[in-house]
Amino acid sequence: MSTRIAVFGTGYLGATHAACMAELGHEVLGVDVDAAKLEKLAAGEVPFYEPGLGEVLRNNIDRGRLKFTSSYEEAAEFADVFFLGVGTPQKKGEFAADMVYVDAVIETLAPLLTKPSVIFGKSTVPVGTAERLGKRARELAPIGDGVEVAWNPEFLREGFAVQDTLHPDRLVLGVDRNVRGRAESVAREVYAELLDEEIPFLVTDLATAELVKASANAFLATKISFINAISEVCEAAGADVTVLADAIGHDVRIGRRFLNAGIGFGGGCLPKDIRAFMARAGELGADQALTFLREVDNINMRRRTRMVELAREACGSLLGARVAVLGAAFKPDSDDVRDSPALNVAGQIQLQGAAVNVYDPKAMDNSRALFPTLTYSANALEACEGADVVLVLTEWLEFLKLQPSDLDSVVRNKVIVDGRNCLSPDDWRGAGWNYRGLGRP
């Protein structure tokens, strides 16, 4: 059954959700205040790199199921199901999440709602936000109690966002237990095709749904920082963290995924979300519960410093050294450089007097905008020209396929530091290279 849906925010989350809801057969209107972004999307262009999304976007525009607008009035008239997918960045100068964009959607949309409506929140928000927004929406809307706010958190992995929206490992819906509403029945209609696949559907109260997302991110961040802390011990003891991770990963209680030691996590979600989680716990009087996340954050930031140290050790001094940086995005299959460990390391090395040449298969434009003073190369070989040390900082397949012989005649010194433990030490050392990996002997 087709539903008329409006999705607010056409960034990474919103654009993906809008295109995928159209793919499920619904009529969808994407809403944003950024005219340039809307123009691109309406022309079938995705303003960021996400594998497979462009095809889904264009198919549904061509079928007439997906359109874009900047008009809230048009959206309110068109739909009675609304998804809220705007950003919740970290507030300047503090850990808390900035709710200005989320609040703005409710303040602008609610006064236009004259028919029974359900607003599903997708954004990652501090616990308590959904209940507050629900009250505010009912105050502002002409239909009053006919407006319901529910929370339906997203669990997208960049690089797999289309897959994660159309075939998620679970659906979570938080409903307001104090409102006799239809959010659950509407969600079941919207996600009927997914529920037919027997994807688990968990219906909770609002607070639990909000906390599910925050807790998932906190757990992943903790797992990554745990193996990075162990890699520090491995370096001190002369052990190999990659073999150790394989060994403990065979334990089903632990699992091997997200146990890859390296330069740590970044991106637009994990760093700011775990900080917002700590801040909100403090506001609720449960601050001691999440103090461990401060150490998770510290370990993560320390990995970047360690990478700079390894580059300095490799060169003797960074002053006047030529450093090749392979990778700028915070992870492969993405052009996202928000809080990217790779770019952060490149910037720190440049500040210490090195000439830094960066190459990334997809994130060059975003990197230039953020770090305009770095030098950018057209390909990996150009970045490595005359290099005293090569740093692999994002584990793109293109870099995994590099052979020592590709770089032998290009670099000044055969030194490589593997910031993601994604290369074979034996292959590189066997070819006469000085190979360093994080947490490896």
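The values are calculated or read from the model by the stated rules, or taken from the named source; none is laboratory data. Given the structure is predicted, the values throughout are model-derived calculations rather than measurements. Note that each Cβ is placed from the backbone with ideal geometry, even for glycine, and that neighbours are counted across all protein chains shown.
Among Ser367, Ser409, Ser377, which is the only one that is of a type outside the set (Phe, Trp, Tyr), farther than 18 Å from Ala342 by Cα and without any contact (Cβ under 8 Å) to a residue 60 or more places away in the chain?
Ser409
Rundown of residues vs (1) outside any loop (DSSP other than H, G, I, E, B); (2) touching an Asp or Glu at 6+ places or on another chain (Cβ under 8 Å), yes/no style:
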| residue | (1), (2) |
| --- | --- |
| Val105 | yes, no |
| Pro111 | yes, no |
| Thr114 | no, no |
| Val125 | no, yes |
| Glu131 | yes, yes |
| Lys135 | yes, no |
| Arg138 | yes, yes |
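Hey, any hits in the range 190-207 for a residue that's in a loop (DSSP other than H, G, I, E, B), β-branched (Val, Ile, Thr), over 20 Å from Ala75 (Cβ atoms) and modelled with pLDDT of 95 or more?
Among the residues of the range 190-207, at least one is in a loop (DSSP other than H, G, I, E, B), β-branched (Val, Ile, Thr), over 20 Å from Ala75 (Cβ atoms) and modelled with pLDDT of 95 or more, which makes the answer yes.
It is to be established whether one or more residues within the range 254-275 are farther than 26 Å from Asn434 by Cα, of a type in the set (Lys, Arg) and not assigned by TED's automatic domain parsing to the domain that holds Phe399.
Checking the range 254-275: not a single residue is farther than 26 Å from Asn434 by Cα, of a type in the set (Lys, Arg) and not assigned by TED's automatic domain parsing to the domain that holds Phe399.
If a residue has to be of a type in the set (A, V, I, L, M), surrounded by 20 or more Cβ atoms within 10 Å (Cβ to Cβ) and under 22 Å from Gly320 (Cα atoms) to count, how many in the range 355-373 make the cut?
Looking only at that region, the number is 2.
Hey, could you check the range 61-71 for residues that are part of a loop (DSSP other than H, G, I, E, B) and in contact with a helix residue (DSSP H, G or I) (Cβ under 8 Å, 6 or more places away or on another chain) and say which is farthest from Phe160 (Cα to Cα)?
Of everything passing the filter in the range 61-71, Ser70 is farthest from Phe160 (Cα to Cα).
Listed here are the residues, each with its yes/no results for (1) outside any loop (DSSP other than H, G, I, E, B); (2) without any contact (Cβ under 8 Å) to a residue 12 or more places away in the chain.
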position: Thr10; (1), (2): no, no
position: His17; (1), (2): yes, no
position: Cys20; (1), (2): yes, no
position: Glu39; (1), (2): yes, yes
position: Val46; (1), (2): no, no
position: Val56; (1), (2): yes, no
position: Asn59; (1), (2): yes, no
position: Glu73; (1), (2): yes, no
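Among Arg338, Arg322, Arg306, which is the only one that is in contact with a strand residue (DSSP E or B) (Cβ under 9 Å, 6 or more places away or on another chain), basic (Lys, Arg) and touching a residue at least 40 places away in the same chain (Cβ under 8 Å)?
Arg322
All but one of (1) closer than 24 Å to Gly52 by Cβ; (2) of a type outside the set (A, V, I, L, M, F, W, C); (3) modelled with pLDDT under 95 hold for Gly316; state the number of the condition that does not hold.
Only one criterion in (1) closer than 24 Å to Gly52 by Cβ; (2) of a type outside the set (A, V, I, L, M, F, W, C); (3) modelled with pLDDT under 95 is unmet by Gly316, namely (1).
Give me a count of the residues in the range 143-173 that are closer than 15 Å to Thr124 by Cβ, in contact (Cβ under 8 Å) with a residue 40 or more places away in the chain and assigned to a loop (DSSP other than H, G, I, E, B).
6
Give me the residue from the range 22-37 that is part of a helix (DSSP H, G or I) and not acidic (Asp, Glu) and, out of that set, surrounded by the most Cβ atoms within 10 Å (Cβ to Cβ).
Among those that are part of a helix (DSSP H, G or I) and not acidic (Asp, Glu), it is Ala22.
Exactly one condition in (1) crowded, with 16+ Cβ neighbours inside 10 Å; (2) of a type outside the set (Ser, Thr, Tyr); (3) in contact (Cβ under 8 Å) with a residue 12 or more places away in the chain; (4) within 24 Å of Val175 (Cα to Cα) is false for Lys115; which is it?
Result: Lys115 fails condition (1) only.
May I ask you to list the residues in the range 287-299 that are under 22 Å from Pro126 (Cα atoms) and part of a helix (DSSP H, G or I)?
Within the range 287-299, Asp287, Gln288, Ala289, Leu290, Phe292, Leu293, Arg294, Glu295, Val296, Asp297, Asn298 qualify.
For Arg368, are the conditions met, namely being at pLDDT 95 or above, of a type in the set (D, E, K, R), within 32 Å of the chain's Cα centre (by Cα) and within 19 Å of Gly264 (Cβ to Cβ)?
No.
Hey, among the residues in the range 1-20 that are under 16 Å from Glu193 (Cβ atoms) and over 20 Å from the mean Cα position of the chain (by Cα), which one's surrounded by the most Cβ atoms within 10 Å (Cβ to Cβ)?
Selected residue: Ile5.
Out of the range 75-87, which residues are modelled with pLDDT under 95 and either farther than 18 Å from Gly146 by Cβ or not in a loop (DSSP other than H, G, I, E, B) (or both)?
Gly87
Within the range 210-217, does at least one residue satisfy the condition of being buried (at least 16 other Cβ atoms within 10 Å of the Cβ), touching a Lys or Arg at 6+ places or on another chain (Cβ under 9 Å), within 30 Å of Arg256 (Cα to Cα) and polar (S, T, N, Q)?
Scanning the range 210-217 turns up no residue that is buried (at least 16 other Cβ atoms within 10 Å of the Cβ), touching a Lys or Arg at 6+ places or on another chain (Cβ under 9 Å), within 30 Å of Arg256 (Cα to Cα) and polar (S, T, N, Q).
Scan the strands (runs of 3 or more DSSP E) fully inside the range 348-426 and keep the ones with 1 or more residues being of a type outside the set (A, V, I, L, M, F, W, C), assigned by TED's automatic domain parsing to the domain that holds Leu319 and over 18 Å from Ser317 (Cβ atoms).
Those strands (runs of 3 or more DSSP E) span 355-359, 415-418.
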